[in-house]
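The values are calculated or read from the model by the stated rules, or taken from the named source; none is laboratory data. It should be emphasised that the depicted structure is a prediction, and the values quoted were computed from it without experimental measurement. Glycine gets a Cβ as well: all are built from the backbone with ideal geometry, and neighbour counts include every protein chain shown. Accessible surface areas use protein heavy atoms only, side chains included; no ligands, DNA or RNA. Shrake-Rupley method; radii C 1.70, N 1.55, O 1.52, S 1.80 Å.
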Amino acid sequence: MKKSLFILVAILMASPGLWAQTQSVSYIDANGHNQTVDATEITDGTSTLEAGWHVVLRDDVQTGTLTCNGEVYLILADNAKLTATGTENYPGIQVSGTGNSLTIYAQIDQSGQLIATGGQFAAGIGGNNINDVQHDCSPITINGGTITANAGLYGAGIGGGHYGSGSNITINGGMVTANGGYHGACIGGGYNGNGTYITINDGTVIAKGKKGGTAAGIGGGQHGYGSNITINGGIVTA
(Lines give C-alpha, C1' and ligand atoms only; values in the text may rest on other atoms or scores of the structure.)
Protein backbone atom coordinates (compact mmCIF):
# COMPACT_ATOMS: atom_id res chain seq x y z
CA MET A 1 0.00 0.00 0.00
CA LYS A 2 2.77 2.41 0.94
CA LYS A 3 4.65 1.59 -2.26
CA SER A 4 1.54 2.28 -4.39
CA LEU A 5 0.98 5.59 -2.62
CA PHE A 6 4.59 6.60 -3.22
CA ILE A 7 4.28 5.81 -6.94
CA LEU A 8 1.03 7.83 -7.21
CA VAL A 9 2.61 10.86 -5.54
CA ALA A 10 5.64 10.62 -7.84
CA ILE A 11 3.40 10.55 -10.93
CA LEU A 12 1.45 13.60 -9.75
CA MET A 13 4.59 15.59 -9.02
CA ALA A 14 6.03 14.75 -12.43
CA SER A 15 2.85 15.76 -14.25
CA PRO A 16 2.32 19.55 -14.18
CA GLY A 17 -1.18 19.23 -15.59
CA LEU A 18 -2.22 17.04 -12.65
CA TRP A 19 -0.36 18.77 -9.83
CA ALA A 20 -1.27 22.46 -9.66
CA GLN A 21 1.27 24.62 -7.86
CA THR A 22 -0.02 27.54 -5.79
CA GLN A 23 2.31 30.31 -4.67
CA SER A 24 2.43 33.94 -3.66
CA VAL A 25 2.95 36.29 -6.61
CA SER A 26 2.81 40.03 -7.18
CA TYR A 27 0.81 41.96 -9.76
CA ILE A 28 -0.05 45.54 -10.71
CA ASP A 29 -3.70 46.33 -10.08
CA ALA A 30 -5.98 48.54 -12.19
CA ASN A 31 -4.86 51.61 -10.21
CA GLY A 32 -1.15 50.97 -10.75
CA HIS A 33 -0.50 49.66 -7.24
CA ASN A 34 1.58 46.60 -6.47
CA GLN A 35 -0.39 43.77 -4.83
CA THR A 36 0.35 40.20 -3.75
CA VAL A 37 -1.93 37.18 -3.95
CA ASP A 38 -1.78 33.38 -3.87
CA ALA A 39 -2.23 32.05 -7.41
CA THR A 40 -2.26 28.67 -9.15
CA GLU A 41 0.38 28.20 -11.84
CA ILE A 42 -0.79 27.50 -15.39
CA THR A 43 1.15 24.71 -17.08
CA ASP A 44 1.07 22.95 -20.44
CA GLY A 45 -1.54 20.54 -19.05
CA THR A 46 -4.01 23.19 -17.89
CA SER A 47 -7.40 23.25 -19.64
CA THR A 48 -9.82 24.83 -17.15
CA LEU A 49 -9.31 28.03 -15.19
CA GLU A 50 -11.44 27.70 -12.09
CA ALA A 51 -12.69 30.78 -10.24
CA GLY A 52 -9.83 32.53 -8.48
CA TRP A 53 -6.25 33.55 -9.24
CA HIS A 54 -3.92 31.98 -11.81
CA VAL A 55 -0.41 32.88 -12.92
CA VAL A 56 1.88 32.20 -15.88
CA LEU A 57 5.48 31.92 -14.65
CA ARG A 58 7.34 30.14 -17.45
CA ASP A 59 8.50 31.52 -20.78
CA ASP A 60 6.95 28.88 -23.05
CA VAL A 61 3.65 27.56 -21.70
CA GLN A 62 1.48 26.09 -24.46
CA THR A 63 -2.09 24.91 -24.02
CA GLY A 64 -5.23 24.19 -25.97
CA THR A 65 -8.41 26.11 -25.15
CA LEU A 66 -8.45 27.49 -21.61
CA THR A 67 -12.03 27.63 -20.32
CA CYS A 68 -12.92 30.18 -17.63
CA ASN A 69 -15.21 28.69 -15.00
CA GLY A 70 -16.33 31.52 -12.73
CA GLU A 71 -14.54 34.81 -12.06
CA VAL A 72 -10.97 34.21 -13.23
CA TYR A 73 -8.01 36.48 -12.52
CA LEU A 74 -4.89 35.85 -14.62
CA ILE A 75 -1.40 37.22 -13.87
CA LEU A 76 1.23 37.31 -16.61
CA ALA A 77 4.55 37.31 -14.76
CA ASP A 78 7.50 39.28 -16.11
CA ASN A 79 9.14 37.43 -19.04
CA ALA A 80 6.47 34.71 -18.99
CA LYS A 81 4.62 33.64 -22.13
CA LEU A 82 1.37 31.73 -22.54
CA THR A 83 0.18 30.48 -25.94
CA ALA A 84 -3.40 29.17 -25.90
CA THR A 85 -4.62 27.75 -29.21
CA GLY A 86 -8.16 26.57 -29.84
CA THR A 87 -9.39 24.00 -32.34
CA GLU A 88 -12.38 24.46 -34.68
CA ASN A 89 -15.27 26.24 -32.89
CA TYR A 90 -13.20 26.87 -29.75
CA PRO A 91 -11.35 30.07 -28.75
CA GLY A 92 -7.88 30.32 -27.29
CA ILE A 93 -9.42 31.42 -24.00
CA GLN A 94 -13.14 30.81 -23.63
CA VAL A 95 -14.94 33.48 -21.63
CA SER A 96 -18.65 32.92 -22.12
CA GLY A 97 -21.78 31.96 -20.24
CA THR A 98 -23.42 33.36 -17.10
CA GLY A 99 -21.16 33.99 -14.12
CA ASN A 100 -17.88 33.68 -15.99
CA SER A 101 -15.34 36.46 -16.54
CA LEU A 102 -11.63 37.07 -17.17
CA THR A 103 -9.41 39.81 -15.72
CA ILE A 104 -5.76 39.98 -16.81
CA TYR A 105 -2.89 41.60 -14.87
CA ALA A 106 0.85 42.02 -15.44
CA GLN A 107 3.84 42.67 -13.22
CA ILE A 108 6.33 45.54 -13.01
CA ASP A 109 7.85 45.60 -16.51
CA GLN A 110 4.67 44.50 -18.35
CA SER A 111 6.66 41.94 -20.34
CA GLY A 112 4.36 38.98 -19.66
CA GLN A 113 2.82 37.73 -22.91
CA LEU A 114 -0.41 36.05 -23.87
CA ILE A 115 -1.10 34.80 -27.40
CA ALA A 116 -4.65 33.47 -27.70
CA THR A 117 -5.72 32.07 -31.07
CA GLY A 118 -9.20 30.84 -31.82
CA GLY A 119 -10.07 27.97 -34.09
CA GLN A 120 -12.38 28.45 -37.05
CA PHE A 121 -15.63 30.31 -36.08
CA ALA A 122 -14.35 31.24 -32.60
CA ALA A 123 -12.91 34.34 -30.98
CA GLY A 124 -9.30 34.64 -29.89
CA ILE A 125 -10.50 35.49 -26.37
CA GLY A 126 -14.24 35.21 -25.75
CA GLY A 127 -17.03 33.19 -27.34
CA ASN A 128 -17.08 29.85 -29.08
CA ASN A 129 -19.34 28.44 -31.80
CA ILE A 130 -21.02 25.61 -29.92
CA ASN A 131 -24.37 26.97 -28.74
CA ASP A 132 -26.29 30.23 -28.62
CA VAL A 133 -25.32 30.99 -25.02
CA GLN A 134 -21.60 30.64 -25.56
CA HIS A 135 -21.34 32.49 -28.87
CA ASP A 136 -21.36 35.69 -26.81
CA CYS A 137 -18.47 36.67 -24.60
CA SER A 138 -18.70 37.34 -20.89
CA PRO A 139 -16.89 40.30 -19.23
CA ILE A 140 -13.21 40.67 -20.15
CA THR A 141 -10.86 43.18 -18.50
CA ILE A 142 -7.21 43.75 -19.44
CA ASN A 143 -5.07 45.74 -17.02
CA GLY A 144 -1.61 45.01 -18.40
CA GLY A 145 0.72 42.70 -20.27
CA THR A 146 1.37 42.10 -23.95
CA ILE A 147 -1.76 40.53 -25.37
CA THR A 148 -2.31 39.20 -28.88
CA ALA A 149 -5.76 37.83 -29.66
CA ASN A 150 -6.24 36.17 -33.05
CA ALA A 151 -9.74 35.25 -34.16
CA GLY A 152 -10.69 32.27 -36.24
CA LEU A 153 -12.90 32.65 -39.31
CA TYR A 154 -15.93 34.88 -38.50
CA GLY A 155 -14.93 35.42 -34.87
CA ALA A 156 -13.78 38.56 -33.08
CA GLY A 157 -10.24 38.95 -31.83
CA ILE A 158 -11.62 39.78 -28.40
CA GLY A 159 -15.38 39.27 -28.07
CA GLY A 160 -17.95 37.08 -29.74
CA GLY A 161 -17.61 33.94 -31.78
CA HIS A 162 -19.52 33.32 -35.02
CA TYR A 163 -22.99 34.91 -34.53
CA GLY A 164 -21.83 36.05 -31.09
CA SER A 165 -21.75 39.50 -29.52
CA GLY A 166 -18.98 41.07 -27.48
CA SER A 167 -19.83 43.33 -24.56
CA ASN A 168 -18.41 44.49 -21.23
CA ILE A 169 -14.85 44.56 -22.57
CA THR A 170 -12.51 46.96 -20.73
CA ILE A 171 -8.85 47.78 -21.41
CA ASN A 172 -7.05 49.72 -18.68
CA GLY A 173 -3.46 49.18 -19.82
CA GLY A 174 -0.95 46.98 -21.57
CA MET A 175 -0.14 46.39 -25.22
CA VAL A 176 -3.17 44.80 -26.85
CA THR A 177 -3.29 43.60 -30.45
CA ALA A 178 -6.64 42.18 -31.56
CA ASN A 179 -6.93 40.58 -34.99
CA GLY A 180 -10.48 39.94 -36.12
CA GLY A 181 -11.55 37.08 -38.34
CA TYR A 182 -13.21 37.52 -41.72
CA HIS A 183 -16.33 39.68 -41.10
CA GLY A 184 -15.65 39.66 -37.35
CA ALA A 185 -14.68 42.76 -35.38
CA CYS A 186 -11.26 43.02 -33.84
CA ILE A 187 -12.83 43.93 -30.49
CA GLY A 188 -16.57 43.34 -30.21
CA GLY A 189 -18.91 41.13 -32.21
CA GLY A 190 -18.23 38.16 -34.42
CA TYR A 191 -20.04 37.78 -37.73
CA ASN A 192 -23.66 38.93 -37.21
CA GLY A 193 -22.81 39.91 -33.62
CA ASN A 194 -22.90 43.26 -31.86
CA GLY A 195 -20.15 45.11 -29.99
CA THR A 196 -21.41 47.05 -26.98
CA TYR A 197 -20.07 48.54 -23.75
CA ILE A 198 -16.45 48.50 -24.82
CA THR A 199 -14.19 50.89 -22.87
CA ILE A 200 -10.54 51.79 -23.38
CA ASN A 201 -9.03 53.83 -20.55
CA ASP A 202 -5.30 53.43 -21.22
CA GLY A 203 -2.68 51.31 -22.90
CA THR A 204 -1.83 50.74 -26.54
CA VAL A 205 -4.53 49.06 -28.59
CA ILE A 206 -4.16 47.89 -32.19
CA ALA A 207 -7.34 46.54 -33.76
CA LYS A 208 -6.62 45.08 -37.20
CA GLY A 209 -9.50 43.96 -39.38
CA LYS A 210 -9.24 41.09 -41.85
CA LYS A 211 -8.47 42.33 -45.37
CA GLY A 212 -11.62 42.16 -47.46
CA GLY A 213 -13.88 41.83 -44.43
CA THR A 214 -16.66 44.26 -43.54
CA ALA A 215 -16.58 44.52 -39.76
CA ALA A 216 -15.59 47.27 -37.35
CA GLY A 217 -12.19 47.52 -35.77
CA ILE A 218 -14.00 48.14 -32.48
CA GLY A 219 -17.74 47.44 -32.49
CA GLY A 220 -19.98 45.11 -34.43
CA GLY A 221 -19.23 42.33 -36.84
CA GLN A 222 -20.80 42.23 -40.30
CA HIS A 223 -24.59 42.71 -39.97
CA GLY A 224 -24.08 43.69 -36.31
CA TYR A 225 -23.92 47.09 -34.67
CA GLY A 226 -21.68 48.88 -32.18
CA SER A 227 -22.85 51.05 -29.31
CA ASN A 228 -21.61 52.45 -25.99
CA ILE A 229 -17.98 52.43 -27.13
CA THR A 230 -15.85 54.80 -25.05
CA ILE A 231 -12.19 55.74 -25.46
CA ASN A 232 -10.95 57.77 -22.51
CA GLY A 233 -7.21 57.51 -23.11
CA GLY A 234 -4.35 55.43 -24.40
CA ILE A 235 -3.11 55.02 -27.96
CA VAL A 236 -5.69 53.39 -30.18
CA THR A 237 -5.26 52.31 -33.81
CA ALA A 238 -8.39 50.80 -35.33
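Observations, loosely collected:
- Inter-part distance where the stretch 143-194 and the stretch 22-77 are each reduced to a Cα centre, Å: 20 Å
- One chain, two ends: ILE231 and THR40. Fully extended at 0.36 nm per residue, the span grows by 65.4 nm beyond their Cα-Cα distance.
- Candidates GLY52, GLY190, GLY92, ranked by Gaussian network fluctuation over the chain, Cα under 10 Å, top entry: GLY52
- Checking every one of the trypsin sites (Lys or Arg not before Pro) in the stretch 161-238 against DSSP loop status and a limit of 13 other Cβ atoms within 10 Å picks out LYS211.
- The chain, helix-only ellipticity at 222 nm - DSSP H runs n ≥ 4, -39,500 (n - 2.57), divided by all residues, nearest 500: -2000 deg cm²/dmol
- Of GLN23, GLN134, GLN113, the residue with the greatest mean-square motion in the GNM of the chain, using alpha carbon springs below 10 Å, is GLN23.
- Per residue, the average separation of C-alpha pairs within less than 8 Å and at least 6 apart gives the chain a relative contact order of 12 percent.
- Taking amide H atoms as placed 1.01 Å from N in the peptide plane, the amide H of SER167 lies under 5 Å from those of CYS137, THR196, each 5 or more residues away in sequence or on another chain.
- For the chain, convex hull volume per residue from C-alpha positions, Å³: 111 Å³
- Accessible-area composition of the chain, carbon plus sulfur, in percent [1.4 Å probe]: 50 percent
- Å³ per residue enclosed by the Cα convex hull of the stretch 108-238: 76 Å³
- Under 5 Å from the amide H of VAL236 lie the amide H atoms of VAL205, each residue being 5 or more positions distant or on a separate chain, with H modelled from the backbone and absent for Pro and chain starts.
- Highest-MSF residue in the chain out of VAL95, VAL55, VAL37 [GNM, Cα springs under 10 Å]: VAL37
- Angle between the chain longest axis and helix 2-14 axis [Cα atoms, degrees, rounded to 10]: 30 degrees
- Under-5 Å amide H pairs with ASN128, H placed in peptide plane, nonlocal only: HIS135, GLY161
- Per residue, the solvent-accessible area of the chain (1.4 Å probe, heavy atoms of protein chains only, all protein chains present) comes to 43 Å².
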